[in-house]
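Shown next, in structure tokens, is the structure this report addresses.
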Amino acid sequence: MQEFLTYGIYGTAFFLMLLGLYAALVKKNLVKIVIGLSVLDSGLHLLFVAVGYISNGTAPIFSPAVVGKNVVMVDPVPQALVLTAIVIGFGVTAVALALVVRLYRKHNTTNIDEIKNLKW
Amino acid sequence: MVISDPVYFIALPLLTAFLLPLFGKIYKPLIGIIPGLVFAFIAYISFDLYLNLVPGKPIVIQLAGWAPPWGINLVFSEFSGFVVTLITFLAFLVWVYSYNFKKVGFDNSKKYFTLLMLLVAGSIGVVLTGDIFNMFVFLEITAISSYGLTAFYKGRDSAEAAFKFLLIGSLSSTFILLAILLLYKQVGTLNMAEIAVKAQSIDPKMKSIIAILFMIGLGIEAEMFPMNGWVPDAYSQAPGPVAASFAGMLAKSGIYALVRVFYTVLEVDGIFDLLLIMGILTIIFAEFSAMRQTRLRRMLAYSSIGQMGLIMVAFSFNTKAGIFAGLFLMFNHAIIKSLLFLASGFLTYSTKQKKIRDLDGFGKIMPFTSLMFGLGAFAIVGLPPFSGFWGKLNMLVATADSNLYFVIALILLVAVVEVVYYFKVIGRLYFRQQHKEVEVHKPTWNAIAAMSVLAIVIIGVGIYPDLITDYLTKATNELFDKASYIHNVLPNLSLN
């Protein structure tokens, strides 16, 4: 069961990253590209949390229930990093969507092939 | 000494950037004045700190009272201090230039100065930080504010350029994040000095994977070859002073991060060979693309990529002479490219297409701006008595030291190519008749002041290079001496 869970989480993370990369690089619709970047980020965040997990660990919070007892805790650092990375990803997505709105207003399309004033 | 604390470099621009709209509500001209005061102050303290730095004793600051390796620390050393001083100096000049930039109205100048201050804070943060994840965060601050600045003008195709930049930039940040994750998994720490100690025990294959991920991720900001598709678009669509600050700050912090990671944090066999190859490819690609450009800004952007390639080649030698040449080229690129972009802002202002052939005879109608552009072009090509000459000379000496004779041939060939495309522009400026009447935009007094200061620095360093060689030598020694960096950040750990 434990092993299945481990492979499941790592597998999902890599699958999400590949899916996001595919969408960001291959899709023609600007909004789909932004969604792809977002999915790519999510996969990476899942990978972060999975790397920090220690089997049978509890949440890394020092409370009276755990202090002094022999309790295994998961690594808190990757979780802290993921929180930061999520906020950054949110910011990037917001900027990207704002740019998509501007591109749509100017070109009246979200198809990347029709927006070619600069050489892509 | 109380007031001179490296924390101000990051805290002050970040804080005032977000308070700027409030200041604007109180009194409108404050929007333009406050950034100037902030930039002047951080430029002053960076000069103060840098000139009073004791050799071998960098200033290490702990943030929030947590000692490294747990907390985040800032390291103001001879190398990072040099880059920070360069960035703050340019930030102040960019402010002087754009203080009453014509197209910027009140609402726009609010956004412009907010984003510019975020860009400055982010670039300085990348350079100063001693924590690898913190470096990622600052890279993202720099990147997001650059997307905003690229998309600044609504009339042009700037949103397109910005989206392209964003797409490449966020893929790069994914690579950096993945590299940091793998590194953390291997060594269990994020402090750069502690990683440097523990990295020796990482499996070499894993280490190469991490190094390549870092190279892809950081290479995008350092304008490395396959990942630099954003550069010409962003430089040509962004406002003139923004292009100058991209060349002076964004690219500089990118190359700093790359160099710091490969020299101090991770020592990987063969990574410098890879850097050499990528640098050479970057130079070849950029210089020959620059020759074919018909628009001035795109030409300057490709030339900027070429210069960054040359800097990468210089750092890839892994010798003291190479680092010295690389630092000299970094200094030259920041100063001269900024001057060229600032001058081109006024040269192309009155032409619609921003094409080079529209500039015929501008030497007569815009004498000062043309003179500044010509001076910058002579300097970047590497003619004496300008500072560009000493950079190229040191580069050739360093290359000869490393016995890479084909690189010498390449550098000389590239110099010829640069002469061709820069002199094409100068020829049009001075030796052609103006073919149609254009509305002349005389440079404003503050733009003249900013460009003059840059020109004086270029000529001053060109005639008397000893002004900076002393500092460059110190920075070289700091970067080359990995053990003392580790010892200064973490006195209890040592490299064995």
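Table for the structure above
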{"read-out": "Residue count, the range B:433-468 (criterion: surrounded by fewer than 17 Cβ atoms within 10 Å (Cβ to Cβ) and under 19 Å from B:LEU53 (Cβ atoms))", "value": "2"}
{"read-out": "In the range B:127-140, the residues that are more than 14 Å from chain A (Cβ to nearest Cβ), closer than 16 Å to B:LEU250 by Cβ and touching a Leu at 6+ places or on another chain (Cβ under 9 Å)", "value": "B:LEU128"}
{"read-out": "Test: A:VAL87 is of a type in the set (Val, Ile, Thr), over 15 Å from B:LEU167 (Cα atoms) and buried (at least 17 other Cβ atoms within 10 Å of the Cβ)", "value": "no"}
{"read-out": "Any hit, the range A:18-26, residues being open to solvent by 80 Å² or more (accessible area, probe 1.4 Å), within 12 Å of another protein chain (Cβ to nearest Cβ), within 30 Å of B:THR150 (Cα to Cα) and modelled with pLDDT under 90", "value": "yes"}
{"read-out": "Selected residue (only one of B:ILE26, B:ILE34 is of a type outside the set (Gly, Ala, Ser) and surrounded by 15 or more Cβ atoms within 10 Å (Cβ to Cβ))", "value": "B:ILE34"}
{"read-out": "Selected residue (only one of B:LEU118, B:LEU178, B:LEU166 is open to solvent by 20 Å² or more (accessible area, probe 1.4 Å), more than 16 Å from the chain's Cα centre (by Cα) and either among the hydrophobic types (A, V, I, L, M, F, W, C) or within 11 Å of chain A (Cβ to nearest Cβ) (or both))", "value": "B:LEU178"}
{"read-out": "Any hit, the range B:121-132, residues being acidic (Asp, Glu) and farther than 20 Å from B:GLY240 by Cα", "value": "yes"}
{"read-out": "Residue within the range A:92-101 that is open to solvent by 80 Å² or more (accessible area, probe 1.4 Å) and either on the phi < 0 side of the Ramachandran plot or more than 10 Å from chain B (Cβ to nearest Cβ) (or both) present", "value": "no"}
{"read-out": "Residue in the range B:341-358 that is open to solvent by 10 Å² or more (accessible area, probe 1.4 Å), among the basic types (Lys, Arg) and at pLDDT 85 or above present", "value": "no"}
{"read-out": "The one condition in (1) small (Gly, Ala, Ser); (2) assigned to a helix (DSSP H, G or I); (3) within 11 Å of another protein chain (Cβ to nearest Cβ); (4) more than 30 Å from A:VAL49 (Cα to Cα) that B:ALA243 fails to fulfil", "value": "(3)"}
{"read-out": "Matching residues, the range B:185-226, being within 22 Å of B:GLY122 (Cα to Cα) and open to solvent by 30 Å² or more (accessible area, probe 1.4 Å)", "value": "B:ILE216"}
{"read-out": "Per-region count, the range B:413-430, residues in contact (Cβ under 8 Å) with a residue 12 or more places away in the chain and under 14 Å from B:ARG357 (Cβ atoms)", "value": "6"}
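This table checks each residue for (1) open to solvent by less than 60 Å² (accessible area, probe 1.4 Å); (2) away from chain B (no Cβ under 14 Å); (3) assigned to a helix (DSSP H, G or I).
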| position | (1), (2), (3) |
| --- | --- |
| A:GLY8 | yes, yes, yes |
| A:THR12 | no, yes, yes |
| A:LEU16 | yes, no, yes |
| A:VAL34 | yes, no, yes |
| A:VAL39 | yes, no, yes |
| A:GLY43 | yes, no, yes |
| A:PHE48 | yes, no, yes |
| A:PHE62 | no, yes, no |
| A:ALA65 | no, yes, no |
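The values are calculated or read from the model by the stated rules, or taken from the named source; none is laboratory data. Predicted model only: the values in this text are computed from it and were never measured. So basically every Cβ, Gly included, is an ideal-geometry build from the backbone, and we count neighbours across all protein chains shown. Note: areas computed on protein heavy atoms with side chains; ligands, DNA, RNA excluded. Shrake-Rupley method; radii C 1.70, N 1.55, O 1.52, S 1.80 Å.
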